[in-house]
Structure formats: structure tokens, C-alpha cells
Amino acid sequence: MADHKKHIILMVSDFFYPNFGGVENHIYYLSQCLLKLGHKVVVMTHAYGNRTGVRYMTGGLKVYYVPWRPFLMQNTLPTFYGTLPIIRTILIREKISLVHGHQAFSTLCHEALMHARTMGYKVVFTDHSLYGFADVGSIHMNKVLQFTLADVSQAICVSHTSKENTVLRSGLPPEKVFVIPNAVDTAMFKPGPERPLGNEIVIVVISRLVYRKGADLLVEVIPEVCHLYPNVRFVVGGDGPKRVRLEEMREKHSLQDRVEMLGAVPHARVQSVLISGHIFLNSSLTEAFCIAILEAASCGLLTVSTRVGGVPEVLPDDMIVLAEPDPGDMVLAIRKAISLLPKIDPQVMHERMKKLYTWHDVAKRTEIVYNRALKCPNQNLLERLSRYLSCGAWAGKLFCLVMIIDVLLLRLVQLWQPEEDIEEVPEFTVSNNHQD
Amino acid sequence: MVMDFNNSEISSPPRPRWRKVAYGGMQPGFDDNNTDDSFLEDMVMNASVVKRDLLKVMQDSVSISQYLCIVALVGLVWTYTLQSILDENSLLLLDVSLLGSGFIVLLLTKEMVSLNLLFHYILNISFFTTGLYVLAPIYHTLTKSISSDSIWAVTVSLIILHLFLHDYSGSTIRAPGAIKPPNLTSCVSLNASVVASVFIASRLPSRLLVFAIMLFSLQVFLFAPFVTFCIKKYSFRLYLLFSFGLVVVTLSFVYMLHHLLFALLLALLVFVSVVCPYWLIKIQEYKFEINGPWDEAKLCFDITD
């Protein structure tokens, strides 16, 4: 374990602040902790609104907002080669030693990993989502993933279920795939000073109200539970196309005074919503990891969740009640949770969460993966092409063609803008006193 | 299971077992890329694959070859009318006899036939026929300025489109016993056939001929799937017999018209009812379905928006 080399890491994803979600959170906290470990981290994402150019965040985290416009669901238009010059410039300018891409949906991530491999950098990829194998969209995504992962040095998944999924989708050997979960900022998600008093039990739901998050299950479960327990109240935070259905349900069963709809909750306010409740309800139909459960548990809430994807791995059995994604079973699980509730002490739960999950631990484990990736032997173009060729009868040849064109384009860019002409960033350290 | 996870410092002599959990940091003694026997143990392969047998698939393909023959017969009538072999009277006779036989089939195969329903049908059909008769002069002059070759080309492509999109499993107009309402593709298919009939009709010399041929084509395209659907529901054996008879009649008529077309149709029918089923069975063994905990859960109730 003599690997105390300092790395210069480029994190690439379409998803970063000011956008908000699990991936954005992961990149930010991981980068912060890596900075604390002494590495240098640079983030690359696409422009958000008029936020383009270079920005510095807390702790000297440098963010490149590349001037490419998102065209669909915060994704940039896939151009294959359009991003090559700027990625090359950033890689050389920042003296990057390793590229780390996040999220399979992100086109920017796929392109950056491809160009980085062509330029001979070691790359690591983190997969944050689960995918099936049956529909057209998944088949397409799986091929794209196979292309990116064919040549990736190491891959990381957020749960064991996600690892199984990624190995099946990409044909990567399982030894190359690491499981490093997300974590939670326990300092931010603290339980309230005292529990909400009284006889009332508050069940909190915070999720986007869309089909995949199981909003339709909520429509069935909420009236049932309200009928069974007159002292239960629901607080639903989040917005989405299914919000109308929930509001219809509320009116149909005249539960206006017992189901509170908050609309979209900004992340800074999530904690204050969470501590107003006793039970956290997650009704997702698919979930690779689910950070929301961690945040709730860290606030001392007992979680009731559907048994899907990686959720069963997330918490010890005595901190979560799992149910099949079926309204009847979920009502049973809520009954069980309500009976367990007197035994739950939010402070104790919070202390346990502090030991179970820290971003510092995540960063340390990621560092090990980086060291492994850097130890991978260098490969010449022919060896790499043969790997692509084995990806499929037609796809393999197509992938090879894409890679060969990339190599040629790189040569062209090298002629057009020689490496010596690109200015390297000067070394400087940010003082550690947080003033902003 | 006891949940003591903070014993990473206290290394107990028996090596702790690796657990498939994400909490508690790195598990002592195991790397993060540890893969044990439990890897992929929840994967299910080919869970919902239906085993098909050749006979069943061939029986199912009968409805396709039967409908191909119906369309071929319509094409024959069109050709004979354009060549003036069939005149107005014989065409009208054909219309009436088709309508009559269709009604008889409906009466015989339906369990519940009320006088009311019959009256309803007759009223609808008389409206339909009157409308068509009134519109016949318009169809007559519709494509005067277009050459016959283009009309034939468009008609043939429309008929091919019709055959590709036709819903062979049900009937185009909603039969009382049909499970689901017709979908978009079958509607497109029906419209393609109607447009094709209008184009052909517009090439004919007299208004009465236009009316007769339109009535004939629409009767077949609208009601033939319905009638065959009724026969199929009534008795599958009868349906097979009917289809076989239809195939023989069609082949003999096409043989009289043109030998090359006969060979083509025969090859098509063999392909549809023998080669394709065999092929389907053959490629079934390559079927590979993967299911596991990563799949999106299916809701067990209907969402009514």
C-alpha cells in the first residue's frame, strides 16, 4: 500500500450542479473528499443556462462548463467527435492523470472516455443506474455502454445489484467492477432536537412524482393507510406528471387535511421536511441505490421501501421495512413500521448511520480503484481494436470504425494545435479557510 | 442476523463471511471487487419464453394465407372489370350474393341473433350503399388527369402496405367478441385498401360500374375479416376447410389469368404457411431473455388516467 501518489482527476458527466440529483451529489462529495486526500480534481460538464466557462467551488474544486447545449433531459447532443478538441485541451492543460466518467445516460461522459482512451489516458467509469434488457431503449443503451466499457480500465457500481447488471450489460469481467456505494452527508441530515410530539404519526414521501418512482403505488397505498390509521398524516414532497393523480386521489377520498402536498422541495430544505416525520416511504419501481433512504435514515426516520434493485443492500434489516411493489404488501409493511416505531430512537439511528456511511470512506475506496487503474498495462491501438471487434458481429466493426476515425481526428487536431502550444495551468493551492 | 458492523478493528480469528450489502464501508478481508458464488444467483433466464410447436404455428399462419387469397381475388375482379370481361350486371349480382352469403354466415355462426340487430345491420348497409351511389360520379372523374400506369403503381403499393399492416389476428371492425379495439396500424391498413379501391374504381368507364366495384371492394375489405373471424370463433375446423377452399379457388383463377403470377402466389403461400413457421421454430433456440432484481417492477393493477 505504498500508493501515495497524488492524482489529477478529471470527473466528466452531463450531470452536475446547478442540476440536482444523486449523480450530481456523488460527484460533488467524492471530489471534495478526494481534494481533502490531497488529489487535484477537475470537473467537466456542459453549460447550464448562461453558466459557461470555468468556475471554482468550495475547496478549490475547478469546474469546466463546456459550451455545449443540452438537448434532451440535460444531455448534450451526441456528436461523437465534436468534443474532441476541447477535451484534449482540458486534459493537457490540467495535466490530468486519470479520467473518471459518471452515469451511463451521459453522452458527454461517453465521448470524453472515448477520446481519453484514444489519447492513452486511463479511465474509470461509474454506473449509477439499472437497466433492463427487453425494450428498444435498453438495447440501444446497452450497446453504447458496451462500447464505452470495452476499453475502460476499471468500473465502479453503486450496489451489488448494479454490478451484476453492469457485468451482464457490458460483458466486462466481474473482477474489473468494484462496488462502492454512495454515502450521505450526516452533518447535513441530523435528526431534529426532539421528535414531533403527540399521538400523530407523519409519513414522509420525497421523490419525483413519476411512474418509475412508483407514484401510482402511492395513489393506492395512501387512502388505504389513512383509512386504517386515523392518526396518520402524509407529507408528499416532489413534483412531476403524476402529481395530478395524487391530487385527484386526495380529493376523491377527501383527505385534504391529512395529505399535504409540498410540490418540489429544494435539496436544502429536504432535511427540515424529513425531521417533521416519523416514517419515510419510498415506492420506487427501480432503484440502483437510493440516496433518499440514506438521508431519511440519517435524520432518524424508519424507512419503508419497495424491494427493488439495490435497495435491500442499503440498510441493515432493523432500520428498514421492505415490501413487494404491491399496494397490499406495502400497507402491511407500513403497519409493521408503525408497530416498530416506539423502539426507534432517531439519535441512535443517526449515530449508526455516521458509522455506516461516510463520503471519506467512499473517496478512500475510490482511490484504491484509481491506483489499480493506473497500474493497468498500456495497450497499443491494435490490441484495443481487437477488444472492440469482439463486441458483436455488426457492432464490433462499427465500434472499430468509430475508434479509427477518432485516432485520425486526434492526429489532425495534434497537427492543428500542437501540444506545446497549449498552456498548462500554474500550480496553486487554495487556502483551507472556508470563507464563502 | 446480528448486525455488528463496526468490528473492522477487532479482527476476530474466524474470518467473517462476505455479505452482499452496501453499508458499513469496505468489508474486512475483502476487496471491493470481490465476486463470490452469490454473484448473479438471482438471475432468471428465459422465464417467460413460450414453447411453440410447428403445427400450431402453421395453423396460425392459415389466417395470413387466407387473407392473401381474398386480396388476390379482389385484384382478379379489378383486372377482369378493367378488361371489360365483367359487366355491370354480373358485378352487381356478385355484390348482392356476397352480401347475402355474408349475412347467412353471420346468422349461422352467432349464437344470439335478434331481429333488432339484424334490422340495425340492414339499415346501416342501406345507408352505406346510398352514400356510395351518390358519391360514385365524383369517384368516376377523380383521377382523369392521371395516367393509368401511375394509378396501378400506387394501387399496388397501397395494397402491399395494406397487407403488411393488416391485423391478421382479429377483425378490422370491432366484432362483439374481439378483445381489444383496433389499433392505429390496422386503421392505416384499412384506409390504404379503401384508397386503393377508389383509385381503381376511378379508371372505369361508367358510373354504375364505379358504384358496383366500390361496393364490392369495400364489402370485402371491411367485412371479410369480420366474417372470417366469426367463422373462426364458431369452429376452427370449418375455418380451415373454408381457407383451403379459398386457396384452391384463388389459385385456379390466377392460373387462368397468368402463369407467372400463379407461380408467384403459390411461392408466397408456401413461404407464409410452411417456410416461415419452420423458420420461427428454428430461431426460437436463439431466444435469450434475462431477468433479475434490476428489472423495473411491474405494477399489479391497472392505471386509469
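The values are calculated or read from the model by the stated rules, or taken from the named source; none is laboratory data. None of the values given here were measured: they were computed from a predicted structure. Ideal geometry is used to build each Cβ from the backbone, glycine not excepted, and the neighbour counts take in all protein chains shown. Each accessible area value is taken on the protein alone, full model and side chains, heavy atoms only, with ligands, DNA and RNA left out. Shrake-Rupley method; radii C 1.70, N 1.55, O 1.52, S 1.80 Å.
Has the range B:32-51 got at least one residue that is assigned to a helix (DSSP H, G or I) and either open to solvent by 60 Å² or more (accessible area, probe 1.4 Å) or within 14 Å of another protein chain (Cβ to nearest Cβ) (or both)?
No - not one qualifying residue is present in the range B:32-51.
Of A:A155, A:A134, A:A150, which residue is under 21 Å from the mean Cα position of the chain (by Cα) and either of a type in the set (G, A, S) or open to solvent by 10 Å² or more (accessible area, probe 1.4 Å) (or both)?
Details: A:A134 fails: under 21 Å from the mean Cα position of the chain (by Cα); A:A150 fails: under 21 Å from the mean Cα position of the chain (by Cα).
Result of the check over A:A155, A:A134, A:A150: A:A155.
Taking the range A:369-396 on its own, how many of its residues are assigned to a helix (DSSP H, G or I), in contact (Cβ under 8 Å) with a residue 40 or more places away in the chain and either in contact with a Pro (Cβ under 6 Å, 6 or more places away or on another chain) or open to solvent by 40 Å² or more (accessible area, probe 1.4 Å) (or both)?
Here is the first cut: in the range A:369-396, the ones assigned to a helix (DSSP H, G or I) are A:369-375, A:381-389, A:395-396.
Going one step further and asking which of them are in contact (Cβ under 8 Å) with a residue 40 or more places away in the chain, we end up with A:369-374, A:384, A:387-388, A:395.
Filter once more, keeping what is either in contact with a Pro (Cβ under 6 Å, 6 or more places away or on another chain) or open to solvent by 40 Å² or more (accessible area, probe 1.4 Å) (or both): A:372, A:374, A:387.
Matching residues across the range A:369-396 total 3.
Kindly indicate whether A:M261 is touching a helix residue (DSSP H, G or I) at 6+ places or on another chain (Cβ under 6 Å) and not polar (S, T, N, Q). Break it down stepwise before answering.
Numbers: touching a helix residue (DSSP H, G or I) at 6+ places or on another chain (Cβ under 6 Å): no; not polar (S, T, N, Q): yes.
It is false that A:M261 is touching a helix residue (DSSP H, G or I) at 6+ places or on another chain (Cβ under 6 Å) and not polar (S, T, N, Q).
Looking at the range A:9-22, is at least one residue under 26 Å from A:W416 (Cβ atoms) and buried (at least 19 other Cβ atoms within 10 Å of the Cβ)?
yes
Does A:V369 satisfy the condition of being away from every other protein chain (no Cβ under 14 Å) and among the β-branched types (V, I, T)?
no
All but one of (1) part of a helix (DSSP H, G or I); (2) without any contact (Cβ under 8 Å) to a residue 60 or more places away in the chain hold for A:G82; which doesn't?
That leaves (1) as the condition not met.
Being open to solvent by less than 70 Å² (accessible area, probe 1.4 Å) and either within 14 Å of chain A (Cβ to nearest Cβ) or touching a Leu at 6+ places or on another chain (Cβ under 9 Å) (or both), is that true of even one residue in the range B:237-245?
No, the range B:237-245 contains no residue that is open to solvent by less than 70 Å² (accessible area, probe 1.4 Å) and either within 14 Å of chain A (Cβ to nearest Cβ) or touching a Leu at 6+ places or on another chain (Cβ under 9 Å) (or both).
Here's the yes/no breakdown for (1) open to solvent by 10 Å² or more (accessible area, probe 1.4 Å); (2) closer than 20 Å to A:S339 by Cα; (3) part of a loop (DSSP other than H, G, I, E, B); (4) touching a strand residue (DSSP E or B) at 6+ places or on another chain (Cβ under 6 Å):
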{"position": "A:A268", "(1), (2), (3), (4)": "yes, no, no, no"}
{"position": "A:S272", "(1), (2), (3), (4)": "yes, no, no, no"}
{"position": "A:F280", "(1), (2), (3), (4)": "no, yes, no, yes"}
{"position": "A:T286", "(1), (2), (3), (4)": "yes, no, yes, no"}
{"position": "A:F289", "(1), (2), (3), (4)": "no, no, yes, no"}
{"position": "A:E295", "(1), (2), (3), (4)": "yes, no, no, no"}
{"position": "A:G300", "(1), (2), (3), (4)": "no, yes, yes, no"}
{"position": "A:V304", "(1), (2), (3), (4)": "no, yes, no, yes"}
{"position": "A:V308", "(1), (2), (3), (4)": "no, no, yes, no"}
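State the number of residues belonging to the range A:327-353 that are closer than 19 Å to A:E200 by Cα, in a helix (DSSP H, G or I) and either among the basic types (K, R) or touching a residue at least 24 places away in the same chain (Cβ under 8 Å) (or both).
Residues that pass the stated criteria total 11.
Given the criteria within 30 Å of A:M114 (Cα to Cα), within 14 Å of chain B (Cβ to nearest Cβ), among the aromatic types (F, W, Y) and touching a residue at least 60 places away in the same chain (Cβ under 8 Å), does A:F147 qualify?
Working: within 30 Å of A:M114 (Cα to Cα): yes; within 14 Å of chain B (Cβ to nearest Cβ): no; among the aromatic types (F, W, Y): yes; touching a residue at least 60 places away in the same chain (Cβ under 8 Å): yes.
Criteria not met by A:F147.
Suppose we keep only residues that are touching a strand residue (DSSP E or B) at 6+ places or on another chain (Cβ under 7 Å) and within 21 Å of A:T358 (Cβ to Cβ) within the range A:11-25. Which one would you say is modelled with the lowest pLDDT?
A:V23
On the given criteria, is A:V235 over 30 Å from A:A395 (Cα atoms) and among the β-branched types (V, I, T)? Let's see the steps before the verdict.
Details: over 30 Å from A:A395 (Cα atoms): yes; among the β-branched types (V, I, T): yes.
The answer is yes for A:V235.
What's the number of the only condition in (1) over 20 Å from the mean Cα position of the chain (by Cα); (2) at the interface with another protein chain (Cβ under 9 Å from one of its Cβ atoms); (3) farther than 26 Å from A:R269 by Cβ that A:V308 fails to meet?
Every condition holds for A:V308 apart from (1).
Here are some residues: B:V21, B:V71, B:V49. Which one is within 21 Å of B:L204 (Cβ to Cβ) and not assigned by the TED database to the domain that holds B:S197?
Exactly one residue qualifies, and that residue is B:V71.
The conditions are (1) surrounded by fewer than 11 Cβ atoms within 10 Å (Cβ to Cβ); (2) closer than 24 Å to B:V194 by Cα; (3) among the hydroxyl-bearing types (S, T, Y), and B:S101 fails exactly one of them. Which is it?
Result: B:S101 passes all but (1).
So, in the range B:258-299, of the ones that are within 14 Å of chain A (Cβ to nearest Cβ) and within 28 Å of the chain's Cα centre (by Cα), which residue ends up farthest from B:T79 (Cα to Cα)?
Applying the filter and picking the extreme gives B:K298.
With a cut-off of at least 1 residues that are within 11 Å of chain B (Cβ to nearest Cβ), name the strands (runs of 3 or more DSSP E) lying wholly within the range A:153-239.
Counting at least 1 such residues, we get A:154-157, A:177-179.
If we keep just the residues of the range B:193-205 that are crowded, with 21+ Cβ neighbours inside 10 Å and within 19 Å of the chain's Cα centre (by Cα), which is nearest to B:Y168 (Cα to Cα)?
B:S193
Return yes or no: is B:L204 in the same structural domain as B:Y133 (by the TED database), at pLDDT below 90 and assigned to a loop (DSSP other than H, G, I, E, B)?
yes
Give the range A:158-178 a look and list any residue that's charged (D, E, K, R) and either open to solvent by 10 Å² or more (accessible area, probe 1.4 Å) or under 23 Å from A:L385 (Cβ atoms) (or both), or say none.
Selection gives A:R169, A:E175, A:K176.
Could you check the range A:264-281 and list, in sequence order, the residues that are closer than 16 Å to A:G300 by Cβ and either within 14 Å of chain B (Cβ to nearest Cβ) or under 18 Å from the mean Cα position of the chain (by Cα) (or both)?
First, pick out the residues of the range A:264-281 that are closer than 16 Å to A:G300 by Cβ: A:270-281.
Within the range A:264-281, just A:V270 meets the criteria.
Scanning for something β-branched (V, I, T), on the phi < 0 side of the Ramachandran plot and either buried (at least 19 other Cβ atoms within 10 Å of the Cβ) or modelled with pLDDT of 95 or more (or both), does the range A:339-346 turn up at least one residue?
no
Suppose we filter the range B:216-235 for residues that are in contact with a helix residue (DSSP H, G or I) (Cβ under 8 Å, 6 or more places away or on another chain) and among the aromatic types (F, W, Y); how many remain?
Qualifying residue count for the region: 4.
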